[in-house]
Amino acid sequence: MIYFDNSATTKADPEVVSTYDKVSEKIWGNPSSLHQFGEEAFNLLEQSRKQIADLLGASQSEILFTSGGTEGDNWVLKGTAIEKRQFGNHLITTAVEHPAIHNSMEQLEQLGFDVTYLPVDEHGRISIDDLKAAIRPTTILVSIMAVNNEIGTIQPLKEAAEVLKDYPKIHFHIDAVQGIGKGIQDMIMNDRVDFVTFSGHKFHAPRGIGFIYARRGRKIAPLLTGGGQERNLRSGTENLPAITAMAKALRLLLTDEKQKVAKEAEIKRRIFNHVKQFPLVTTFSEDNDGFAPHILCFAIQGVRGETIVHAFEEKGIYISTTSACSSKKHVASSTLTAMHIPETLSTSAIRISLDDHNTLAEADEFNQVFDQLYDKFKLLSA
Ligand SMILES: Cc1ncc(COP(=O)(O)O)c(C=O)c1O
(Lines give C-alpha, C1' and ligand atoms only; values in the text may rest on other atoms or scores of the structure.)
Protein backbone atom coordinates (compact mmCIF):
# COMPACT_ATOMS: atom_id res chain seq x y z
CA MET A 1 0.00 0.00 0.00
CA ILE A 2 1.02 3.59 -0.48
CA TYR A 3 0.14 5.89 2.41
CA PHE A 4 -0.19 9.51 1.29
CA ASP A 5 -2.35 10.77 4.19
CA ASN A 6 0.31 11.85 6.65
CA SER A 7 -1.35 15.14 7.50
CA ALA A 8 -4.25 13.15 8.95
CA THR A 9 -1.90 11.05 11.03
CA THR A 10 1.42 9.26 10.75
CA LYS A 11 2.36 5.70 11.61
CA ALA A 12 4.12 5.53 14.96
CA ASP A 13 7.81 4.83 14.41
CA PRO A 14 8.88 1.35 15.66
CA GLU A 15 11.71 2.90 17.72
CA VAL A 16 9.20 5.27 19.26
CA VAL A 17 6.79 2.43 20.02
CA SER A 18 9.64 0.54 21.65
CA THR A 19 10.37 3.54 23.91
CA TYR A 20 6.67 3.73 24.78
CA ASP A 21 6.58 0.04 25.66
CA LYS A 22 9.75 0.16 27.75
CA VAL A 23 8.58 3.14 29.79
CA SER A 24 5.12 1.56 30.27
CA GLU A 25 6.72 -1.62 31.56
CA LYS A 26 9.54 -0.23 33.64
CA ILE A 27 8.89 3.34 34.69
CA TRP A 28 5.22 3.27 35.47
CA GLY A 29 5.30 5.30 38.68
CA ASN A 30 3.38 8.56 39.02
CA PRO A 31 5.79 11.51 38.64
CA SER A 32 4.01 13.19 41.57
CA SER A 33 4.64 10.32 44.00
CA LEU A 34 7.20 10.92 46.71
CA HIS A 35 8.86 7.50 46.67
CA GLN A 36 11.73 6.43 44.50
CA PHE A 37 9.42 5.05 41.80
CA GLY A 38 7.79 8.42 41.49
CA GLU A 39 11.09 10.22 41.45
CA GLU A 40 12.34 8.02 38.67
CA ALA A 41 9.23 8.87 36.64
CA PHE A 42 9.61 12.58 37.46
CA ASN A 43 13.23 12.57 36.31
CA LEU A 44 12.28 10.95 33.02
CA LEU A 45 9.46 13.44 32.55
CA GLU A 46 11.81 16.38 33.04
CA GLN A 47 14.48 14.78 30.86
CA SER A 48 11.93 14.47 28.02
CA ARG A 49 10.86 18.08 28.55
CA LYS A 50 14.47 19.22 28.32
CA GLN A 51 15.09 17.16 25.19
CA ILE A 52 12.13 18.78 23.47
CA ALA A 53 13.12 22.25 24.67
CA ASP A 54 16.70 21.79 23.43
CA LEU A 55 15.50 20.63 20.02
CA LEU A 56 13.40 23.80 19.67
CA GLY A 57 15.84 26.26 21.22
CA ALA A 58 13.50 26.84 24.18
CA SER A 59 14.04 26.41 27.88
CA GLN A 60 12.72 23.45 29.80
CA SER A 61 10.10 25.43 31.71
CA GLU A 62 8.63 26.70 28.43
CA ILE A 63 7.38 23.26 27.35
CA LEU A 64 3.98 22.13 28.66
CA PHE A 65 2.49 18.76 27.79
CA THR A 66 -1.03 18.36 26.40
CA SER A 67 -3.10 15.63 24.78
CA GLY A 68 -2.46 16.94 21.25
CA GLY A 69 -3.04 19.75 18.81
CA THR A 70 -6.70 20.33 19.57
CA GLU A 71 -6.07 20.75 23.27
CA GLY A 72 -3.07 23.02 22.67
CA ASP A 73 -5.06 25.30 20.38
CA ASN A 74 -8.08 25.39 22.71
CA TRP A 75 -5.86 26.08 25.68
CA VAL A 76 -3.92 28.99 24.19
CA LEU A 77 -7.06 30.70 22.86
CA LYS A 78 -9.38 30.20 25.81
CA GLY A 79 -6.55 30.47 28.35
CA THR A 80 -5.59 33.85 26.88
CA ALA A 81 -9.21 35.01 26.75
CA ILE A 82 -9.71 34.16 30.42
CA GLU A 83 -6.34 35.52 31.53
CA LYS A 84 -6.47 38.81 29.63
CA ARG A 85 -10.19 39.59 29.52
CA GLN A 86 -9.78 42.70 31.67
CA PHE A 87 -7.40 44.15 29.03
CA GLY A 88 -9.60 43.58 26.00
CA ASN A 89 -12.01 41.31 24.16
CA HIS A 90 -10.60 41.26 20.65
CA LEU A 91 -8.82 38.32 19.02
CA ILE A 92 -7.40 37.97 15.53
CA THR A 93 -7.00 34.81 13.49
CA THR A 94 -7.20 33.75 9.86
CA ALA A 95 -10.09 32.47 7.77
CA VAL A 96 -8.23 29.22 7.02
CA GLU A 97 -7.49 27.78 10.46
CA HIS A 98 -8.07 24.22 11.59
CA PRO A 99 -11.43 23.72 13.40
CA ALA A 100 -9.51 23.48 16.69
CA ILE A 101 -8.89 27.23 16.30
CA HIS A 102 -11.95 28.21 14.28
CA ASN A 103 -14.51 26.55 16.53
CA SER A 104 -12.78 27.77 19.69
CA MET A 105 -12.98 31.30 18.32
CA GLU A 106 -16.68 30.84 17.59
CA GLN A 107 -17.22 29.66 21.14
CA LEU A 108 -15.41 32.75 22.43
CA GLU A 109 -17.62 34.93 20.21
CA GLN A 110 -20.67 33.40 21.90
CA LEU A 111 -19.15 34.46 25.22
CA GLY A 112 -18.88 38.07 24.05
CA PHE A 113 -15.39 38.19 22.54
CA ASP A 114 -14.92 39.85 19.18
CA VAL A 115 -12.95 37.94 16.56
CA THR A 116 -11.43 39.16 13.29
CA TYR A 117 -10.89 36.43 10.69
CA LEU A 118 -8.22 37.69 8.29
CA PRO A 119 -9.10 36.96 4.65
CA VAL A 120 -6.68 35.12 2.37
CA ASP A 121 -5.57 35.52 -1.23
CA GLU A 122 -5.80 32.95 -4.04
CA HIS A 123 -2.95 30.98 -2.42
CA GLY A 124 -4.61 30.84 0.99
CA ARG A 125 -2.22 33.44 2.42
CA ILE A 126 -3.07 36.39 4.67
CA SER A 127 -1.79 39.89 3.98
CA ILE A 128 0.36 41.66 6.53
CA ASP A 129 -1.43 44.94 5.78
CA ASP A 130 -4.71 43.28 6.77
CA LEU A 131 -3.10 42.10 10.00
CA LYS A 132 -1.82 45.61 10.78
CA ALA A 133 -5.22 47.11 10.03
CA ALA A 134 -7.03 44.60 12.25
CA ILE A 135 -5.07 45.37 15.43
CA ARG A 136 -7.01 47.41 18.01
CA PRO A 137 -6.16 48.73 21.47
CA THR A 138 -8.34 45.88 22.80
CA THR A 139 -6.57 43.08 20.89
CA ILE A 140 -5.30 40.40 23.24
CA LEU A 141 -4.29 37.61 20.87
CA VAL A 142 -3.18 36.94 17.30
CA SER A 143 -3.30 33.28 16.24
CA ILE A 144 -1.90 32.21 12.88
CA MET A 145 -1.24 28.70 11.61
CA ALA A 146 2.24 27.91 10.31
CA VAL A 147 1.20 25.55 7.51
CA ASN A 148 -2.34 25.14 6.26
CA ASN A 149 -3.46 21.54 6.72
CA GLU A 150 -5.55 21.46 3.54
CA ILE A 151 -3.36 23.00 0.85
CA GLY A 152 0.02 23.54 2.56
CA THR A 153 0.31 27.34 2.42
CA ILE A 154 3.00 28.75 4.69
CA GLN A 155 1.81 31.95 6.36
CA PRO A 156 4.10 35.02 6.64
CA LEU A 157 5.00 34.31 10.27
CA LYS A 158 8.19 36.35 10.44
CA GLU A 159 6.49 39.41 8.98
CA ALA A 160 3.64 38.98 11.47
CA ALA A 161 6.23 38.73 14.25
CA GLU A 162 7.80 42.01 13.08
CA VAL A 163 4.41 43.76 13.19
CA LEU A 164 3.66 42.39 16.65
CA LYS A 165 6.95 43.69 18.04
CA ASP A 166 5.19 47.05 18.19
CA TYR A 167 2.45 45.48 20.33
CA PRO A 168 4.32 43.61 23.08
CA LYS A 169 1.21 42.93 25.13
CA ILE A 170 -0.63 40.96 22.48
CA HIS A 171 -0.20 37.18 22.75
CA PHE A 172 1.14 35.77 19.49
CA HIS A 173 0.21 32.12 18.93
CA ILE A 174 1.25 29.83 16.09
CA ASP A 175 -0.45 26.51 15.36
CA ALA A 176 2.57 24.54 14.15
CA VAL A 177 0.88 21.14 14.01
CA GLN A 178 1.57 20.83 10.26
CA GLY A 179 4.75 22.91 10.29
CA ILE A 180 7.16 21.04 12.53
CA GLY A 181 9.93 19.17 10.72
CA LYS A 182 9.20 20.93 7.45
CA GLY A 183 12.25 23.19 7.34
CA ILE A 184 10.62 26.32 8.78
CA GLN A 185 11.54 26.08 12.45
CA ASP A 186 13.15 29.55 12.39
CA MET A 187 9.85 31.01 11.23
CA ILE A 188 7.88 29.19 13.90
CA MET A 189 10.18 29.63 16.89
CA ASN A 190 10.74 33.30 16.01
CA ASP A 191 11.83 35.89 18.55
CA ARG A 192 8.32 37.33 19.00
CA VAL A 193 6.14 34.23 19.27
CA ASP A 194 4.60 33.57 22.70
CA PHE A 195 2.77 30.26 22.25
CA VAL A 196 3.15 27.41 19.77
CA THR A 197 1.01 24.27 19.43
CA PHE A 198 2.49 20.88 18.49
CA SER A 199 0.90 17.44 18.11
CA GLY A 200 2.82 14.16 18.46
CA HIS A 201 0.82 11.94 16.12
CA LYS A 202 1.71 14.13 13.16
CA PHE A 203 5.38 13.18 13.55
CA HIS A 204 5.34 9.45 14.31
CA ALA A 205 4.62 9.66 18.04
CA PRO A 206 1.54 7.97 19.50
CA ARG A 207 -1.95 9.56 19.49
CA GLY A 208 -3.16 11.63 22.39
CA ILE A 209 0.04 13.47 23.18
CA GLY A 210 1.32 16.92 22.29
CA PHE A 211 2.81 20.00 23.83
CA ILE A 212 2.79 23.75 23.70
CA TYR A 213 5.69 26.15 23.85
CA ALA A 214 4.79 28.98 26.24
CA ARG A 215 7.28 31.84 26.42
CA ARG A 216 8.52 32.49 29.94
CA GLY A 217 6.58 35.32 31.57
CA ARG A 218 3.51 34.94 29.31
CA LYS A 219 0.48 33.79 31.24
CA ILE A 220 -2.55 31.76 30.21
CA ALA A 221 -5.24 30.42 32.49
CA PRO A 222 -5.40 26.65 32.87
CA LEU A 223 -8.25 24.82 31.17
CA LEU A 224 -7.77 21.63 33.15
CA THR A 225 -7.68 22.32 36.87
CA GLY A 226 -7.06 19.67 39.45
CA GLY A 227 -3.93 18.19 40.97
CA GLY A 228 -1.67 20.97 39.76
CA GLN A 229 0.61 19.14 37.33
CA GLU A 230 2.54 21.11 34.69
CA ARG A 231 3.30 23.97 37.07
CA ASN A 232 -0.36 24.21 38.04
CA LEU A 233 -1.26 25.00 34.44
CA ARG A 234 -2.53 21.65 33.15
CA SER A 235 -3.69 19.14 35.68
CA GLY A 236 -3.88 15.41 35.08
CA THR A 237 -1.41 12.60 35.70
CA GLU A 238 1.24 12.89 33.01
CA ASN A 239 1.19 10.39 30.14
CA LEU A 240 4.84 9.53 30.64
CA PRO A 241 5.21 6.69 28.10
CA ALA A 242 3.72 8.90 25.37
CA ILE A 243 5.73 11.95 26.45
CA THR A 244 9.00 10.02 26.36
CA ALA A 245 8.04 8.50 23.02
CA MET A 246 7.18 11.94 21.64
CA ALA A 247 10.55 13.36 22.70
CA LYS A 248 12.20 10.54 20.79
CA ALA A 249 9.95 11.05 17.76
CA LEU A 250 10.82 14.76 17.69
CA ARG A 251 14.54 13.98 17.81
CA LEU A 252 14.17 11.51 14.94
CA LEU A 253 12.04 14.00 12.97
CA LEU A 254 14.57 16.79 13.27
CA THR A 255 17.59 14.60 12.47
CA ASP A 256 18.62 15.30 8.86
CA GLU A 257 15.56 17.53 8.50
CA LYS A 258 16.97 19.31 5.46
CA GLN A 259 17.45 16.09 3.49
CA LYS A 260 14.02 14.82 4.48
CA VAL A 261 12.34 18.06 3.44
CA ALA A 262 14.20 17.99 0.10
CA LYS A 263 13.03 14.41 -0.46
CA GLU A 264 9.40 15.25 0.30
CA ALA A 265 9.56 18.29 -1.96
CA GLU A 266 10.91 16.15 -4.80
CA ILE A 267 8.14 13.58 -4.40
CA LYS A 268 5.54 16.35 -4.30
CA ARG A 269 7.08 17.98 -7.40
CA ARG A 270 6.99 14.73 -9.34
CA ILE A 271 3.27 14.30 -8.71
CA PHE A 272 2.50 18.01 -9.15
CA ASN A 273 4.27 18.22 -12.53
CA HIS A 274 2.44 15.11 -13.70
CA VAL A 275 -1.12 15.86 -12.66
CA LYS A 276 -1.11 19.51 -13.68
CA GLN A 277 -0.80 18.50 -17.35
CA PHE A 278 -4.32 17.08 -17.34
CA PRO A 279 -7.05 19.48 -18.50
CA LEU A 280 -9.52 18.52 -15.76
CA VAL A 281 -7.00 19.18 -12.98
CA THR A 282 -6.87 22.42 -11.01
CA THR A 283 -4.00 22.65 -8.52
CA PHE A 284 -4.38 24.66 -5.33
CA SER A 285 -0.95 24.01 -3.81
CA GLU A 286 2.12 25.38 -5.57
CA ASP A 287 5.63 24.04 -5.95
CA ASN A 288 7.56 26.89 -4.34
CA ASP A 289 8.89 28.10 -0.96
CA GLY A 290 5.53 29.59 -0.04
CA PHE A 291 4.12 26.08 0.38
CA ALA A 292 5.08 23.20 2.65
CA PRO A 293 6.98 20.37 0.97
CA HIS A 294 4.56 17.66 2.05
CA ILE A 295 1.06 18.79 1.04
CA LEU A 296 -0.40 18.78 -2.46
CA CYS A 297 -4.04 19.66 -3.05
CA PHE A 298 -5.79 19.57 -6.41
CA ALA A 299 -9.24 19.04 -7.85
CA ILE A 300 -10.44 16.94 -10.75
CA GLN A 301 -13.25 18.97 -12.18
CA GLY A 302 -16.66 17.33 -12.05
CA VAL A 303 -15.62 14.34 -9.90
CA ARG A 304 -16.42 14.28 -6.17
CA GLY A 305 -13.40 14.16 -3.84
CA GLU A 306 -14.76 11.03 -2.14
CA THR A 307 -15.03 9.26 -5.51
CA ILE A 308 -11.39 10.04 -6.27
CA VAL A 309 -10.27 8.91 -2.80
CA HIS A 310 -12.07 5.57 -3.14
CA ALA A 311 -10.84 5.02 -6.70
CA PHE A 312 -7.25 5.34 -5.45
CA GLU A 313 -8.01 3.23 -2.40
CA GLU A 314 -9.07 0.37 -4.66
CA LYS A 315 -5.56 0.51 -6.09
CA GLY A 316 -3.98 0.48 -2.62
CA ILE A 317 -3.20 4.21 -2.48
CA TYR A 318 -4.44 6.15 0.54
CA ILE A 319 -5.12 9.85 0.07
CA SER A 320 -7.85 12.09 1.46
CA THR A 321 -10.30 14.78 0.59
CA THR A 322 -8.93 18.07 1.86
CA SER A 323 -8.78 17.26 5.57
CA ALA A 324 -9.51 14.33 7.80
CA CYS A 325 -11.97 16.45 9.80
CA SER A 326 -14.08 17.50 6.82
CA SER A 327 -13.89 14.27 4.82
CA LYS A 328 -16.71 12.41 6.53
CA LYS A 329 -18.90 15.47 6.79
CA HIS A 330 -18.98 15.89 3.00
CA VAL A 331 -18.61 19.65 3.33
CA ALA A 332 -16.53 21.88 1.13
CA SER A 333 -13.04 22.65 2.36
CA SER A 334 -13.04 25.73 4.56
CA THR A 335 -9.68 26.80 3.16
CA LEU A 336 -10.83 26.58 -0.45
CA THR A 337 -14.05 28.36 0.45
CA ALA A 338 -12.05 31.18 2.04
CA MET A 339 -10.05 31.34 -1.21
CA HIS A 340 -13.38 31.87 -3.07
CA ILE A 341 -13.07 28.59 -4.95
CA PRO A 342 -16.61 27.70 -6.10
CA GLU A 343 -18.18 24.74 -4.34
CA THR A 344 -18.50 22.84 -7.62
CA LEU A 345 -14.70 22.73 -7.73
CA SER A 346 -13.79 22.61 -4.02
CA THR A 347 -15.90 19.47 -3.50
CA SER A 348 -13.72 17.83 -6.16
CA ALA A 349 -10.51 18.46 -4.25
CA ILE A 350 -8.17 15.84 -2.85
CA ARG A 351 -5.08 16.10 -0.65
CA ILE A 352 -1.89 14.12 -0.88
CA SER A 353 0.26 14.47 2.24
CA LEU A 354 3.72 13.02 2.42
CA ASP A 355 6.45 12.33 4.88
CA ASP A 356 10.01 11.22 4.62
CA HIS A 357 9.05 7.53 4.65
CA ASN A 358 7.51 7.99 1.20
CA THR A 359 9.58 7.42 -1.93
CA LEU A 360 9.91 8.64 -5.50
CA ALA A 361 8.94 5.15 -6.64
CA GLU A 362 5.62 5.64 -4.85
CA ALA A 363 5.16 8.95 -6.68
CA ASP A 364 5.76 7.16 -9.98
CA GLU A 365 3.25 4.49 -9.05
CA PHE A 366 0.72 7.15 -8.07
CA ASN A 367 1.23 8.84 -11.44
CA GLN A 368 0.73 5.58 -13.31
CA VAL A 369 -2.46 4.83 -11.40
CA PHE A 370 -3.59 8.41 -12.03
CA ASP A 371 -3.18 7.82 -15.78
CA GLN A 372 -5.22 4.62 -15.56
CA LEU A 373 -8.01 6.27 -13.58
CA TYR A 374 -8.13 9.46 -15.59
CA ASP A 375 -10.35 7.98 -18.35
CA LYS A 376 -12.85 6.95 -15.70
CA PHE A 377 -12.68 10.44 -14.17
CA LYS A 378 -13.23 11.94 -17.64
CA LEU A 379 -16.40 9.91 -18.06
CA LEU A 380 -17.65 10.85 -14.61
CA SER A 381 -16.87 14.48 -15.24
CA ALA A 382 -18.76 14.47 -18.53
C1 LIG B 1 -3.22 22.67 11.67
C2 LIG B 1 -3.79 21.71 12.67
N3 LIG B 1 -4.07 22.16 13.92
C4 LIG B 1 -4.58 21.34 14.86
C5 LIG B 1 -4.84 20.02 14.59
C6 LIG B 1 -5.41 19.14 15.67
O7 LIG B 1 -4.43 18.25 16.14
P8 LIG B 1 -4.82 16.90 16.90
O9 LIG B 1 -5.27 15.93 15.86
O10 LIG B 1 -3.53 16.47 17.55
O11 LIG B 1 -5.84 17.23 17.90
C12 LIG B 1 -4.58 19.52 13.31
C13 LIG B 1 -4.90 18.11 12.96
O14 LIG B 1 -5.05 17.76 11.82
C15 LIG B 1 -4.03 20.39 12.33
O16 LIG B 1 -3.77 19.96 11.08
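The values are calculated or read from the model by the stated rules, or taken from the named source; none is laboratory data. Computed from a predicted structure; not experimentally measured. Here Cβ is always computed from backbone atoms with ideal geometry, including for glycine, and neighbour counts include all displayed protein chains. In case anyone asks, the SASA skips ligands and DNA or RNA and just uses the protein heavy atoms, side chains included. Shrake-Rupley method; radii C 1.70, N 1.55, O 1.52, S 1.80 Å.
Among the residues of the stretch 128-144, not a single one is under 18 Å from His294 (Cβ atoms), touching a helix residue (DSSP H, G or I) at 6+ places or on another chain (Cβ under 7 Å) and either of a type in the set (Lys, Arg) or in a strand (DSSP E or B) (or both). Applying a threshold of 8 Å to beta carbon distances and a minimum spacing of six or more residues, or different chains, the list of pairs starting in the stretch 48-61 at a residue that is under 17 Å from Thr19 (Cα atoms) and ending at one that is open to solvent by 70 Å² or more (accessible area, probe 1.4 Å) reads Gln51/Arg251.
Exactly one residue among Ser348, Ser353 is surrounded by 15 or more Cβ atoms within 10 Å (Cβ to Cβ) and touching a helix residue (DSSP H, G or I) at 6+ places or on another chain (Cβ under 8 Å), and that residue is Ser348.
Take Gly290 and tell me if it is more than 16 Å from the ligand (Cβ to nearest atom) and touching a His at 6+ places or on another chain (Cβ under 7 Å). Considered against the rule, which asks whether it is more than 16 Å from the ligand (Cβ to nearest atom) and touching a His at 6+ places or on another chain (Cβ under 7 Å), Gly290 comes out as yes. The set of residues in the stretch 189-208 that are crowded, with 24+ Cβ neighbours inside 10 Å and either within 12 Å of the ligand (Cβ to nearest atom) or within 22 Å of Asp256 (Cα to Cα) (or both) comprises Val196, Thr197, Phe198, Ser199, Gly200, Lys202, His204, Ala205.
Hey, could you check the stretch 67-114 for residues that are farther than 20 Å from Gln178 by Cβ and in a loop (DSSP other than H, G, I, E, B) and say which is farthest from the ligand (Cβ to nearest atom)? Checked the stretch 67-114; the qualifying residue farthest from the ligand (Cβ to nearest atom) is Gln86.
Per-residue answers, yes or no, for (1) among the hydrophobic types (A, V, I, L, M, F, W, C); (2) more than 17 Å from Glu71 (Cβ to Cβ):
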site	(1), (2)
Gly217	no, yes
Asn232	no, no
Ala242	yes, no
Glu286	no, yes
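Residues in the stretch 260-268 include at least one that is more than 30 Å from Gly302 (Cα to Cα), assigned by the TED database to the domain that holds Phe377 and aliphatic (A, V, I, L, M).
Against the criterion of being among the acidic types (Asp, Glu), surrounded by fewer than 19 Cβ atoms within 10 Å (Cβ to Cβ) and part of a loop (DSSP other than H, G, I, E, B), Asp186 does not qualify. Restricted to the stretch 127-173, and to residues that are within 16 Å of the ligand (Cβ to nearest atom) and among the polar types (S, T, N, Q), which residue is nearest to Phe195 (Cα to Cα)? Only one residue fits best here, namely Ser143. Within this structure, Gly227 fails the test of being of a type outside the set (Asp, Glu) and within 16 Å of the ligand (Cβ to nearest atom). Within the stretch 119-153, the set of residues being free of Cβ contacts under 8 Å to residues at least 40 places away in the same chain and buried (at least 22 other Cβ atoms within 10 Å of the Cβ) comprises Ile126 only. Screening Gly228 on (1) touching a residue at least 24 places away in the same chain (Cβ under 8 Å); (2) open to solvent by less than 40 Å² (accessible area, probe 1.4 Å); (3) within 28 Å of Phe87 (Cβ to Cβ) shows it passes everything except condition (1).
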